[in-house]
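What follows is a single structure, written as structure tokens, with notes after it.
Each value in this text was obtained by applying a stated rule to the coordinates, not by laboratory testing. All of these numbers come straight from a predicted model, not from anything done at the bench. Ideal geometry is used to build each Cβ from the backbone, glycine not excepted, and the neighbour counts take in all protein chains shown.
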Amino acid sequence: MSDDDPIGAAVRLLARLPGVGEKSARRMAYSLLASGPSFAKALGEAVATLPERVRTCSICGTYTGRETCAICSDTQRTEEILCVVARPWDVDALERAGTFRGRYHVLHTLLDPLSGVGPEQFPLDPLMRRVSEGRTREVIVATPPTVEGEATALFLAESLRPLGISLTRIASGVPHGGDLEYVDPITLGRALEGRRGL
Ligand SMILES: [Zn+2]
């Protein structure tokens, strides 16, 4: 960090966060200074240790601080319905909708041959294993309604069909090209309720 302009250095780093412009970054830096050293230290430590404290759940792949996440550890949730999502924050978005009581499977990627993720590179095996060895009766594909999300949904439908389980796709109401995290919980809850066969 630069010695002669510590505020400028902090502003440049803060402004790299999504949704934070230079102006907001500057306000954050001054607010940190005004809040006193203990808050700045706590924030710094929370941020610095984040990569080492967060791991992926050994069952579903979402982010957690433990070996298995709270959702996978919850015996009240049914193992018969598995909701497949692209990213860990999609799990948060669907949980905020509050209507789903099944389990999740996080892909961490979408089928996107132009970016080097073709059927060969796609992490299909963990999902296939989980569905064929577990008690899953229905898989809900909740990948986003983008070109890659739809291609992934079709690919998953083709791959999972031989397993003889029910395959559904999250309903419309989620705008095309949109990300699940920006959809309000009520709409997302309805999209989940109104899912249709794949
Ligand atoms: Zn989990």
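Taking the chain as a Gaussian network of alpha-carbon nodes connected by springs under 10 Å, the highest mean-square fluctuation of the residues 123, 18, 144 belongs to 18. Rg/Rh for the chain (Cα atoms only, Rh after Kirkwood) is 1.06. Estimated from the Cβ-Cβ distance and a Förster radius of 22 angstrom, the FRET efficiency linking residue 56 and residue 101 is about 0.50. Modelled spin labels at residue 74 and residue 182, positioned 7 Å past Cα toward Cβ, are 2.7 nm from each other. Per-residue ellipticity at 222 nm from helix content only, as computed over the chain with -39500 (n - 2.57) for each DSSP H run of at least four residues, stands at -12500 deg cm²/dmol. Global dimensions of segment 31-128 from alpha-carbon coordinates: Rg and Dmax equal 17.4, 53 Å.
Considering only 79, 158, 52, the Gaussian network model of the chain with Cα springs below 10 Å gives its largest mean-square fluctuation to 52. Between residue 39 and residue 163, how high is the FRET efficiency from 1/(1 + (r/R0)^6) when r is the Cβ-Cβ distance and R₀ = 35 Å? Nearest 0.05. The pair residue 39/residue 163 has a calculated efficiency of 0.10. Annotation note: trypsin sites (Lys or Arg not before Pro) in segment 68-150 located in DSSP loop regions with a Cβ neighbour count of at most 13 within 10 Å are 101, 135.
Take every Cα pair under 8 Å whose residues are at least 6 apart in sequence, average their separation, divide by the length of segment 55-197, and the relative contact order is 23 percent. Which of the three applies to segment 104-198, rounded, prolate or oblate, going by the alpha-carbon gyration tensor with a ≥ b ≥ c and a/c under 1.5 meaning rounded? It is oblate, given that a/c is not under 1.5 and a/b is not larger than b/c.
For segment 86-137, GluC sites (Glu not before Pro) are listed when DSSP marks them as loop and at most 12 other Cβ atoms sit within 10 Å of their Cβ; the list is 120. As a proxy for reagent exposure, 3, 184 were ordered by neighbouring Cβ count within 10 angstrom, fewest first; the result is 3, 184. Given axes a ≥ b ≥ c from the Cα gyration tensor, I'd like to know whether segment 6-53 is rounded (a/c under 1.5), prolate (a/b larger than b/c) or oblate. Taking the square roots of the gyration eigenvalues as a ≥ b ≥ c, segment 6-53 is oblate. Where both partners of a DSSP beta bridge lie in the chain, what percent of those bridges are antiparallel, to the nearest 5? Counting DSSP beta bridges with both partners in the chain, the antiparallel share is about 30 percent. Ranking 152, 84, 107 by how far each Cα lies toward the positive end of the dipole of segment 55-197 (charges on Cβ) leaves 84 at the top.
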